[in-house]
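Visitor: If you scroll down you'll find the structure; I have some questions about it.
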Amino acid sequence: MRFFRQDLHTLTGAYALDALEPGNELTRFNRHLSRCQSCASEVRGFREVATAMAFAATTDPPTEMRDQVMAAVARTRQLPPEVRTHVRPRRTRSAAPWIPWLSGAIATAGIVLAVLFGFAQAHTQNELNQARAQNQALAAAQARVEAALNQAREHDQALAEILGAPHVTLLSQRTSKGGVAVVVLDAAKRQLVVATSGLPALPAGKVYQLWLIGPVKIVSAGLLPTAQAGVTTPVVATGIVKGDKLGLTVEPAGGSKQPTTVPILALPLPV
Amino acid sequence: MNPNDSDASRFRSATADRRGERDLDDLLIHVARGDQVAFEALYDRMAGPVYGVIRRVLRDPSQSEEVAQEVLLEVWRTAARFDPAMGGAATWVTTIAHRRAIDRIRSTTAAADREHKTADVSPPHDEVAEAVEASLDRERVRRCLESLTEIQRESITLAYYGGHSYRQVAELLNVTLGAIKTRIRDGLIRMRDCLGVS
């Protein structure tokens with residue numbers, strides 16, 4: 001669906017009340033917001049109204065909550081200051097504006113974002129859990145994802161659609177050769193986004209190829225792009241059927257019609 | 001502020017009025033440096049609005065408490081990311097709270113749970129009315145909401161307190177999407193002026 005600027009501008013109100021559903025519209029609005037000063041200032045004013053409404057709803061929390069929060073605070077490490085700000089006008093073309101929303105949705109859903117895009121590789125599971133608790137993982141993963149996405153503009157629409165879907169599942173698995181594959185699965189639409197980190201570099205003339213390995217047939221899901229600093233840019237795969245696993249093999253340059261080597265990854269996709 | 005300028009004092013920023021917004025900003029800056037005593041003071045000021053807004057959206061007390069705890073811990077953890085240029089501390093904290101409540105609704109299991117629990121939701125203006133006590137905030141918000149047209153008021157309360165997307169609000173009120181977008185925005189402009197948000 002296309003929106004005129006006018007339409008986008010009138011979304012300031014709904015946006016300030018968190019009433020935009022994740023998806024294309026939110027993506028577009030975020031992008032618009034990053035280059036529309038007057039919209040940003042309107043949103044700020046509306047957020048103050050929302051703040052007043054929150055204060056008007058003031059309710060005493062259960063008394064034991066205070067001790068619980070303070071105890072949690074005492075054992076929780078704080079994040080260092082961030083270098084970037086929420087609105088980044090100078091990066092309007094390359095920024096991934098859905099990320100703040102995505103991170104919020106996913107973080108609260110309690111999904112292990114820590115393993116995203118290679119952040120996992122240098123850590124033990126324990127360290128990871130700890131890191132997640134501190135939310136550092138989120139920041140690191142965001143930075144990684146954002147960097148990866150800069151390379152994947154042509155997929156922007158499809159990516160945004162999947163990543164913004166209301167009920168995505170995050171899956172991750174180490175490959176048998178090291179490194180990790182991370183999948184954001186939109187089961188409802190039977191599509192996914194996959195990125196990898198830390199896969200071993202291949203000799204010239206070899207590529208990594210993705211497969212949807214089903215009970216009946218195996219379908220190519222495309223080649224993995226060359227890794228940048230160990231991270232491959234996200235690839236979109238569609239048309240997943242029940243029973244499919246996401247496979248990864250090493251193939252001759254240009255890819256194969258069917259796998260010619262043993263998969264180094266076979267990740268079940270619950271659709 | 002010029003004390004002779006009654007308009008200026010009447011239209012003082014809603015947040016500036018609110019028990020010293022500047023103090024809250026300062027507190028948060030201390031919290032960012034790991035000051036747990038400052039966090040306790042911040043908790044005492046913000047736990048009520050945080051829990052209140054989450055409770056309003058989610059309704060279920062135990063879920064609300066859980067989300068409120070997550071939010072307050074997130075405030076502690078990410079205090080260094082607070083940027084006063086982007087808005088006041090109260091706004092920063094309540095925005096996180098509202099978003100996390102919405103996130104919770106949108107996660108699958110919570111959604112079903114909430115459908116169940118909100119089966120007999122009272123109309124939005126009753127919600128506002130029931131919130132009215134002696135509090136200045138409540139009184140002022142109530143007064144300002146009353147100054148809106150009915151559809152503006154319903155759109156805003158269904159979206160913010162009800163945690164509905166504007167598409168859902170359009171559906172609930174049987175109005176076109178375009179109209180809802182405009183009503184919410186126009187209503188917020190009126191609220192902003194009424195509350196004296198700068």
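Visitor: When both residues are 6+ apart or on different chains and their Cβ atoms are under 6 Å apart, which pairs have a first residue that lies in the stretch B:85-98 and is without any contact (Cβ under 8 Å) to a residue 12 or more places away in the chain, and a second that is surrounded by fewer than 23 Cβ atoms within 10 Å (Cβ to Cβ) and among the charged types (D, E, K, R)?
Guide: Within 6 Å, the pairs are B:87/A:44.
Visitor: Quick check on my filter: what residues within the stretch A:190-236 are of a type in the set (Val, Ile, Thr) and in contact with a Lys or Arg (Cβ under 8 Å, 6 or more places away or on another chain)?
Guide: Result: A:213, A:231.
Results for (1) crowded, with 18+ Cβ neighbours inside 10 Å; (2) touching a strand residue (DSSP E or B) at 6+ places or on another chain (Cβ under 6 Å); (3) not charged (D, E, K, R), shown as yes or no for each residue.
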position: A:189; (1), (2), (3): no, no, no
position: A:212; (1), (2), (3): yes, yes, yes
position: A:225; (1), (2), (3): yes, no, yes
position: A:237; (1), (2), (3): yes, yes, yes
position: A:246; (1), (2), (3): yes, yes, yes
position: A:252; (1), (2), (3): no, no, yes
position: A:256; (1), (2), (3): no, no, yes
position: A:264; (1), (2), (3): yes, yes, yes
position: A:268; (1), (2), (3): no, yes, yes
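Visitor: Mind listing whichever residues of the stretch A:185-209 are in contact (Cβ under 8 Å) with a residue 40 or more places away in the chain, in contact with a helix residue (DSSP H, G or I) (Cβ under 6 Å, 6 or more places away or on another chain) and assigned to a strand (DSSP E or B)?
Guide: Scanning the stretch A:185-209 gives A:191, A:193, A:195, A:197.
Visitor: What residue, of B:132, B:121, B:75, B:128, is modelled with pLDDT of 95 or more and more than 7 Å from chain A (Cβ to nearest Cβ)?
Guide: Exactly one residue qualifies, and that residue is B:75.
Visitor: Here's something else I'd like to know. Looking for whichever is touching a Phe, Trp or Tyr at 6+ places or on another chain (Cβ under 6 Å) and either of a type outside the set (A, V, I, L, M) or facing chain A (nearest Cβ under 8 Å) (or both) here; the options are B:45, B:56. Which one fits?
Guide: Testing whether each residue is touching a Phe, Trp or Tyr at 6+ places or on another chain (Cβ under 6 Å) and either of a type outside the set (A, V, I, L, M) or facing chain A (nearest Cβ under 8 Å) (or both) leaves just B:56.
Visitor: Take the conditions of a type in the set (A, V, I, L, M), within 7 Å of chain A (Cβ to nearest Cβ), within 26 Å of residue B:59 (Cβ to Cβ) and part of a helix (DSSP H, G or I) and apply them to residue B:188. Does it pass?
Guide: Considered against the rule, which asks whether it is of a type in the set (A, V, I, L, M), within 7 Å of chain A (Cβ to nearest Cβ), within 26 Å of residue B:59 (Cβ to Cβ) and part of a helix (DSSP H, G or I), residue B:188 comes out as yes.
Visitor: On to the next question. Can you list the strands (runs of 3 or more DSSP E) lying wholly within the stretch A:210-259 that have 3 or more residues being acidic (Asp, Glu) and modelled with pLDDT of 90 or more?
Guide: Correct list: empty, since no element meets the threshold.
Visitor: It is to be established whether one or more residues within the stretch A:66-74 are within 10 Å of chain B (Cβ to nearest Cβ), outside any helix (DSSP H, G or I) and not β-branched (Val, Ile, Thr).
Guide: No, the stretch A:66-74 contains no residue that is within 10 Å of chain B (Cβ to nearest Cβ), outside any helix (DSSP H, G or I) and not β-branched (Val, Ile, Thr).
Visitor: Here is a further query. Quick one: residue A:31 ticks every box in (1) buried (at least 20 other Cβ atoms within 10 Å of the Cβ); (2) more than 7 Å from every other protein chain (Cβ to nearest Cβ); (3) basic (Lys, Arg) bar one, so which box is it?
Guide: (1)
Visitor: Could you tell me which residue of the stretch B:140-164 is surrounded by the fewest Cβ atoms within 10 Å (Cβ to Cβ), considering only residues that are assigned to a helix (DSSP H, G or I) and among the hydroxyl-bearing types (Ser, Thr, Tyr)?
Guide: Top of the filtered list is B:157.
Visitor: Can you give me the number of residues within the stretch B:165-184 that are within 7 Å of chain A (Cβ to nearest Cβ) and not in a helix (DSSP H, G or I)?
Guide: Of the residues in the stretch B:165-184, 1 are within 7 Å of chain A (Cβ to nearest Cβ) and not in a helix (DSSP H, G or I).
Visitor: Just wondering, is there one or more residues in the stretch B:143-152 that are basic (Lys, Arg) and at the interface with chain A (Cβ under 8 Å from one of its Cβ atoms)?
Guide: Within the stretch B:143-152, none of the residues are basic (Lys, Arg) and at the interface with chain A (Cβ under 8 Å from one of its Cβ atoms).
The values are calculated or read from the model by the stated rules, or taken from the named source; none is laboratory data. No experiment lies behind these values; they were computed from the predicted model shown. Here the Cβ is made from the backbone with ideal geometry for all residues, glycine too, and neighbour counts use every protein chain on show.
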